[in-house]
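Trainee: One structure is given below, represented as C-alpha cells, and several questions about it will come after.
Every number in this text was worked out from the coordinates using simple rules, so none of it is lab data. Since this is a predicted model, take the numbers as computed values, not measurements. Here the Cβ positions follow ideal geometry from the backbone for every residue, glycine too, while neighbour counts run over all protein chains shown.
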Amino acid sequence: MSSGDRRLSVGVNRSYEIRTYGCQMNVHDSERLSGLLEDAGYVRAPQDADGDADVVVFNTCAVRENADNKLYGNLGRLAPMKTKRPGMQIAVGGCLAQKDRDTIVKRAPWVDVVFGTHNIGKLPVLLERARVQEEAQVEIAESLEAFPSTLPTRRESAYAAWVSISVGCNNTCTFCIVPALRGKEKDRRPGDILAEIEALVGEGVSEITLLGQNVNAYGSDMGDREAFSKLLRACGAIEGLERVRFTSPHPRDFTDDVIAAMAETPNVMPQLHMPMQSGSDRVLKAMRRSYRQDRYLGIIDKVRAAIPHAAISTDIIVGFPGETEEDFEQTMDAVRAARFTQAFTFQYSKRPGTPAADMEGQVPKAVVQDRYMRLSALQEEISWEENKKQVGRTLEVMVAEGEGRKDGATHRLSGRAPDNRLVHFTKPDEEVRPGDVVTVAITYAAPHHLLAEGPAGAVRRTRAGDAWERRNTAEAAKPAGVLLGLPTIGVPAPLPAMSGGCSAE
C-alpha cells in the first residue's frame, strides 16, 4: 500500500492529541508517535484541545507509585466525552501499558488500543483494527521489534533534537522498574547514529542530545568499551553541529576516555548530568548501584580538572528504605563536596514490581519530607553560590522557544548557555529567532537562572534560526486545527526534572 493510500484508509485527516508522562525516552517516543500518525494521515489537534480530538494517546510512565491512579483518573474524564463523540478513540502506550497490559481495558473498557514500549510502530494499524473490528486491541511485544529511530518522527523543535543511541538497560537498580519494561540494552550502529545526526543538521538542527537509558554504556553489546567516547569525537567532525549533549550517564561506566573526549571535542558542551542517587555507601549498595561516594566524587574531580567551567548536575533520592539519619548526612556531605549546579531531588516512592518496594525499613513520610526540605535548602544555597560565579562572564546563548514564561512582560528573551544554564537577556533591537545565538554579559544570578540586563552584544543568525522560521511559516499556513498540539516540549533540554531510566523518580 502506498503512503497516499495509507492516509486515505487510516487517518482520513482525523485529529490526534498525545499526552506524555515521564522521562526523555517517552518524550522522544511521543515525537515518533506523532510522526507515525501524521504519516498515516492524521492531523494534530489544536494546543488547547484537552481531549477534544478524534484520537487521544496516553504515553505513560510507570515509575511513580500513583502513576496508575493518574492514568485512570484521566481516562475517566474522557469517558463521557467519548460517549458524546462517536468514532473517538483512546490509546494507551508506554511503560505502564507494558506493565499492566490487559488490566487497562478491564478497568477502562472504553480504551480502544493498548500497546507497549517495544511496538510503538504498530499504533496506526492497531487504531484502524480497533475501528474496523469495533473491539479493543491489546498488543504488547516482549522484545524490541525494530529500533525506534527507524520510525517517522515529528520533532518538537526545529533547531534542537534528541538522538537515541540505545534503548533498554542492563542495570538492576532495586528502585527502578525500567529494565523490566524497556528490556536489555540494545545499541544502534554508530554509522546509523551519525547518519541521523547529519540528516538533522542538514535540516537546520544545530544542537543534539544523545539519549540512552544508560547512555555511556553504549557499545556494551558491540564489545567496544570506548564506543561512546568515539561517538562523541565523531560528532565533533560533523560540520554545522554546534552543540552536543548527552543524558543520562551512569558513574559505573564513566571512564577517562569519555572525559578526554568531552574536553577535546569543541562542540561537546561543558555540562554533565550524572545521577548520584545517594551519598551513603550503605544505601548505594542497597540500591544496587555499582559505585560508592569516593568513586562518584572522583569522577567529578576529573571532569573539573579537564573542563574547569563544567556545570555538573545530578539526581538524588531521599528516604530510600533503610536510610538512617547518618546515611542522609553522608548525602549532605557529598552534595557539599560536589557543589552541583543543580540537583533534582526526589522523595522515594514505592514502584510496584521493584525489589525496593518490599524492603524492610520503609522511612516514614514525615521523615522523608523533612530530609527532602533540608537537602533542597542546601542545594538551593549551593546553586546560588555557583551561579554567582557567572556574573561578569560573557556567554554565547542559544535562543530558546518557550523557556522564559515572563519574556513578554519583561521584554526579554531566554536561552541556554553552553553549560546549559538558563539565561534571560535583554531583547536585542534586531530580530532574533529561536536557534540564533546572542552574546550577552551576565549581570545577576539567581539559584535557577542567570540574567543579562545590559544591551545584548553580537547577534549571530544561524541555519537553526532559518529552520525555525521555515517551520513556523509552514505551520502558520496550515488550516486551523493543524497547529502545534500536545505535548508542548520545546527544546529537548538535557536536564529536565525527569531524567532517563534508572534516575527517573
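Trainee: Just to check I understand the Karplus step: with θ = phi - 60° and J = 6.51 cos²θ - 1.76 cosθ + 1.60, what whole-Hz values come out for the range 133-139, glycine and proline as x?
Mentor: The phi angles translate into 7, 6, 8, 5, 10, 10, 9 Hz.
Trainee: May I pose another question? If you stretched the chain out fully between E203 and Q347, how much longer would it get, using 0.36 nm times the residue separation minus the C-alpha to C-alpha distance?
Mentor: The span from E203 to Q347 would gain 47.7 nm if fully extended.
Trainee: Kindly write out, for the range 395-411 in residue order, the coupling ³J(HN,Hα) from the Karplus curve 6.51 cos²θ - 1.76 cosθ + 1.60 (θ = phi - 60°), rounded to whole Hz, with x marking Gly and Pro.
Mentor: Karplus-based 3J(HN,Hα) across the range 395-411 equals 10, 8, 10, 7, 5, 10, 10, x, 8, x, 5, 9, 4, x, 6, 9, 6 Hz.
Trainee: Using modelled backbone amide H atoms (1.01 Å from N, in-plane), which distant-in-sequence or interchain residues come within less than 5 Å of A452's amide H?
Mentor: H424, F425, T426, T443
Trainee: Something else about it: What's the ranking of 429-438, 93-102, 465-474, 33-42 by average number of surrounding C-beta atoms within 10 Å, highest first?
Mentor: Going from most to least packed, we get 93-102, 33-42, 429-438, 465-474.
Trainee: Mind giving me the FRET efficiency for N69 and M359? R0 is 22 Å, r the Cβ-Cβ distance, nearest 0.05 is fine.
Mentor: 0.50
Trainee: Over the Cα atoms of the range 86-244, Rg to Rh with Kirkwood Rh, two decimal places?
Mentor: A ratio of 1.04.
Trainee: Along its principal axes, what span do the Cα atoms of the range 298-351 show, with the longest given first and each in whole Å?
Mentor: The principal-axis extents, from largest down, are 37, 22, 14 Å.
Trainee: Full-extension gain between N13 and R295, please, as 0.36 nm times their residue separation minus the C-alpha to C-alpha distance.
Mentor: Details: separation 282, 0.36 × 282 = 101.52 nm, distance 5.47 nm.
Taking N13 through R295 to full extension adds about 96.0 nm, to one decimal.
Trainee: What FRET efficiency comes out for A337 versus H309 if R0 is 25 angstrom and r is the Cβ-Cβ distance? Round to the nearest 0.05.
Mentor: Values: r = 19 Å, r/R0 = 0.75.
Result of the calculation: an efficiency of 0.85.
Trainee: Hey, another quick one. Write down the Kirkwood hydrodynamic radius of the range 156-266, to one decimal in angstroms, obtained as one divided by the mean of 1/r over all alpha carbon pairs.
Mentor: 14.4
Trainee: Need the list of lysines near K230 for cross-linking: C-alpha distance under 21 angstrom, and skip anything on the same chain fewer than eight residues off.
Mentor: List returned: K186, K302.
Trainee: Now for a different question. Work out the length of the dipole vector of the chain about its Cα centre, built from +1 on the beta-carbon of each Lys and Arg and -1 on the beta-carbon of each Asp and Glu, and round it to the nearest 20 debye. Mind showing how you got there, number by number?
Mentor: Working: 63 positive and 69 negative charges, 112 e Å.
Roughly 540 debye, rounded to the nearest 20.
Trainee: Excluding residues fewer than 8 places away in the same chain, name every one of the lysines whose C-alpha is closer than 19 Å to that of K99.
Mentor: K70, K122, K184, K350
Trainee: Report the antiparallel proportion of the DSSP beta bridges in the chain as a percent, rounded to a multiple of 5.
Mentor: 30
Trainee: Hey, another quick one. Project the alpha carbons of the range 24-107 onto their principal axes and report the range along each, largest first, in whole Å.
Mentor: 34, 30, 23
Trainee: Ok, one more. Would you calculate a helix-derived [θ] at 222 nm for the chain, using -39,500 (n - 2.57) for each DSSP H run of n ≥ 4 and dividing by the full residue count, to the nearest 500?
Mentor: Helices in the chain give a 222 nm mean residue ellipticity of -10500 deg cm²/dmol.
Trainee: Right, something else. Treating the range 258-353 as a set of equal point scatterers at the Cα positions, no solvent, please give the Debye-formula log₁₀ I(q)/I(0) at q = 0.14 Å⁻¹.
Mentor: -0.54
Trainee: Full-extension gain between R225 and T103, please, as 0.36 nm times their residue separation minus the C-alpha to C-alpha distance.
Mentor: Computed gain between R225 and T103 is 39.8 nm.
Trainee: May I pose another question? Amide H to amide H under 5 Å from G183: which residues, 5+ apart in sequence or cross-chain, H placed 1.01 Å off N in plane?
Mentor: Here the answer is C169, since their amide H atoms fall under 5 Å of that of G183.
Trainee: Then there's this: Restricted to Cα positions, what overall size does the chain have along the principal axes? Three whole-Å values, descending.
Mentor: Ordered largest first, the chain gives principal extents of 62, 62, 47 Å.
Trainee: Same structure, new question: What's the center-to-center distance, using Cα atoms, between the range 268-334 and the range 161-188 in Å?
Mentor: Taking the Cα centre of each part, the range 268-334 and the range 161-188 sit 20 Å apart.
Trainee: Under a point spin-label approximation (7 Å from Cα along Cα-to-Cβ), what is the D407-V391 distance to one decimal in nm?
Mentor: Simple spin-label model gives 2.6 nm for this pair.
Trainee: Please compute the Kirkwood hydrodynamic radius over the range 354-420, one decimal place, Å, based on all pairs of different Cα atoms. Could the numbers behind the result be given before it?
Mentor: On the way: mean 1/r = 0.0624 Å⁻¹.
Kirkwood hydrodynamic radius for the range 354-420: 16.0 Å.
Trainee: Need the list of lysines near K427 for cross-linking: C-alpha distance under 17 angstrom, and skip anything on the same chain fewer than eight residues off.
Mentor: Cα-Cα hits under 17 Å: K406.
Trainee: In whole Hz, with x marking every Gly and Pro, tabulate ³J(HN,Hα) for the range 468-475 from phi via Karplus 6.51 cos²θ - 1.76 cosθ + 1.60, θ = phi - 60°.
Mentor: Values, residue by residue: 4, 5, 4, 5, 5, 4, 5, 5 Hz.
Trainee: For a quick check: with amide H placed at 1.01 Å from N, whose amide H comes under 5 Å from S15's, ignoring anything fewer than 5 positions away on the same chain?
Mentor: V43, D54, V55
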